[in-house]
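Q: Got a structure for you, questions after.
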Amino acid sequence: MSIKSIEAEELREMTGKEGLILQGCGDPLQEWLDGINDMLTEAGILQNGSRFTDIYVFEHEGLTNLLFPFENAKLDVGKLAMWRLQTFGEFSGKWLTDYVDNRLGGFIDESRVATDKPDCPLIGADGNVFNLIGIASRTLKKHGLGDQAKEMSSRVFACGSYGEALNIIGEYVNITDAEHVREFRPSVMKKIKETKVAEPSDKPKQHKPQEKGR
C-alpha cells in the first residue's frame, strides 16, 4: 500500500478516471487508508477481497485531502454513492470528476476522453458489411448496449460507402481479432453518473483519522 503526494493541479490530468476524494484528512494518513478500507469492506462496498492499495494525498484550500482511485478496486457503486452521502458530514466526500469540475476548473484535454467500447472480433471475419454489422451488434447487446447497437445499425445502413460503414462501427466497438478480446467492464464513471443526486452543501473541515472498528 502506498500514499503518493501530488499537487492539486495534477488531478486535472486524470481525464477519464474516477475516484473518491475525502477532504480534511489529518495525520497519520496510513490510518485513514486502513480505516476506509475496513469501513467499505464491512459495508459491502469493496467486494471480493478488493482494497484500495495506492492512493493520493494533496493540499487544497487549506485542507489535506485523499484521493481513492477506482481503477483497480471492485466496487458496488450504488452502495458507495449512498455511503458517501450518509458520511458527508464526517468525510466531505466528493467524486473526483465533480471536484475537478467545481474546484479546479475542469480536466485538461477533456475532449480526448475515450468512450467505453467493448472489443469486437471483426479482424479476420467475413468482410461483408451485413456480417460485420451483425457481429458488432451482437457484441454491443451482449454488454448491455442494445440502444447503441440499434443506433449503430441505423447509421451504417444510411451511410454511403463501405469505408464510412467501418468508421461508424469503430465508433461503437474496438475492432480487434478473436485472440485479443478483453473483458469489458463499463467505466465506474458511467455508473457514478447514473447514481448522482444533489450534492450536500456543507463546507468541508479537517477531520481526525478514524479509530479502528468504526
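Q: Per residue, how much accessible area does region 19-110 show when a 1.4 Å probe rolls over the protein heavy atoms, in square angstrom? Kindly include the intermediate steps, with their values, before the conclusion.
A: Working: 3620 Å² over 92 residues.
Per residue, region 19-110 has 39 Å² of solvent-accessible surface.
Q: If you don't mind, there's one more thing I want to ask. Under 5 Å between amide H atoms, partner at least 5 residues away or on a different chain: which partners does Asp54 have, H built in plane at 1.01 Å?
A: Ser2
Q: Please report, in whole Å³, the volume per residue of the convex hull around the C-alpha atoms of region 1-152. Display every interim value, and only then the final one.
A: Values: hull volume 24.1 nm³, N = 152.
In region 1-152, the Cα convex hull volume per residue is 159 Å³.
The values are calculated or read from the model by the stated rules, or taken from the named source; none is laboratory data. Values in this document were obtained by computation on a predicted structure and should not be read as measured data. Surface accessibility is based on the protein's heavy atoms, side chains included, excluding ligands, DNA and RNA. Shrake-Rupley method; radii C 1.70, N 1.55, O 1.52, S 1.80 Å.
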